[in-house]
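Okay, structure first, notes after.
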Amino acid sequence: MFEDRIEAGKQLAVKLKNYKNESPLVVALPRGGVAVGFPIAKALHAPLEVEIVRKLGAPQNVEVGIGAIAEDGVEYLNKDMLDYFQISNVTLRLIQQRERTELERRKKLYRGGKPLGLLTNRSVILVDDGLATGVTACAAILSLKKHHPKKIIFAVPVCAQSTAEAIFPLIDSIICIEHPDTLDAIGRYYQNFRQVTDEEVLIHLRRINAEMPSPISIENDFGQKIVW
């Protein structure tokens, strides 16, 4: 059991130290993933970014994910869950609309409405505080892939073994400390699993990125923008 998300992130950072020389970008799923990603970014001297993803919860039980939406218009749906709960297209659109509104609110709050930074040909460490059904992870991965990163490493303190195996074909590597056969409640693996606030997310982002050198942006002779 982890003391809290920060402590879990420190343990993951040890397992991720070999990626430090690749100048990775740590991309966390808010809100809980940002608390885990903070010590990872600090240990690797890497920038910390957020990928906004929203789970689509079943009306009968909002904790059960029937799918998820992410930035760049990405949508991931679990057909088996849609059939199981007999969710109509009208109901699904209402759920999507509600979560899209929250996604845009968080994007504006966390990044001022700006898109994700430059990910092309870059090693990305995607971080969350737990992997259960995997719907949000899948949506996040599909969104990141649209930016053509060099590789995606998914780092998570606790993950369901079956889910980890299911998403592995979508990524290059997965780093997980605890991997039970089934995972019905991520919070059971934390002594302190209180909800992370928007204010805490912003504090983590500002603290890490204030320590990062400002990117240099120029244009080459072909008018192509180069950032490093």
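The values are calculated or read from the model by the stated rules, or taken from the named source; none is laboratory data. These numbers were taken from a predicted model, which means no experiment stands behind them. Ideal geometry is used to build each Cβ from the backbone, glycine not excepted, and the neighbour counts take in all protein chains shown. Surface accessibility is based on the protein's heavy atoms, side chains included, excluding ligands, DNA and RNA. Shrake-Rupley method; radii C 1.70, N 1.55, O 1.52, S 1.80 Å.
Here is how the numbers come out for the structure above:
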{"read-out": "Diffusion constant of segment 15-61 at 25 °C, which comes from Stokes-Einstein with the Kirkwood Cα-pair radius and 0.890 mPa s, µm²/s", "value": "207 µm²/s"}
{"read-out": "For the chain, built as a Gaussian network whose Cα springs stay under 10 Å, the top-fluctuating residue of Arg106, Arg206, Arg122", "value": "Arg206"}
{"read-out": "The chain: calculated mean residue ellipticity at 222 nm from DSSP helix runs of at least 4, using -39500 (n - 2.57)", "value": "-11500 deg cm²/dmol"}
{"read-out": "Subset of Lys15/Lys108; Lys15/Lys151; Lys10/Lys150; Lys114/Lys150 violating a 27 Å alpha-carbon distance limit", "value": "Lys15/Lys108"}
{"read-out": "Protection-proxy order for peptides 25-36, 59-70, 137-148, each taking the mean of Cβ atoms within 10 Å per residue, highest first", "value": "25-36, 137-148, 59-70"}
{"read-out": "Carbon and sulfur %, accessible surface of segment 84-147 computed with the full protein complex present, 1.4 Å", "value": "52 percent"}
{"read-out": "For the chain, share of DSSP beta bridges that run antiparallel, in % to the nearest 5", "value": "40 percent"}
{"read-out": "Cβ-Cβ FRET estimate between Ser88 and Asn18, R0 fixed at 35 Å, reported to 0.05", "value": "0.15"}
{"read-out": "Rounded D (µm²/s) - segment 118-219, Kirkwood Rh over Cα pairs, Stokes-Einstein at 4 °C, 1.567 mPa s", "value": "84 µm²/s"}
{"read-out": "Tail beyond 13 Å, pair distance distribution of segment 136-185 (Cα, percent)", "value": "57 percent"}
{"read-out": "Solvent-accessible area per residue for segment 1-62 (1.4 angstrom probe, square angstrom)", "value": "40 Å²"}
{"read-out": "Cysteines without a disulfide-compatible neighbour (Cβ-Cβ under 4.7 Å), the chain", "value": "Cys138"}
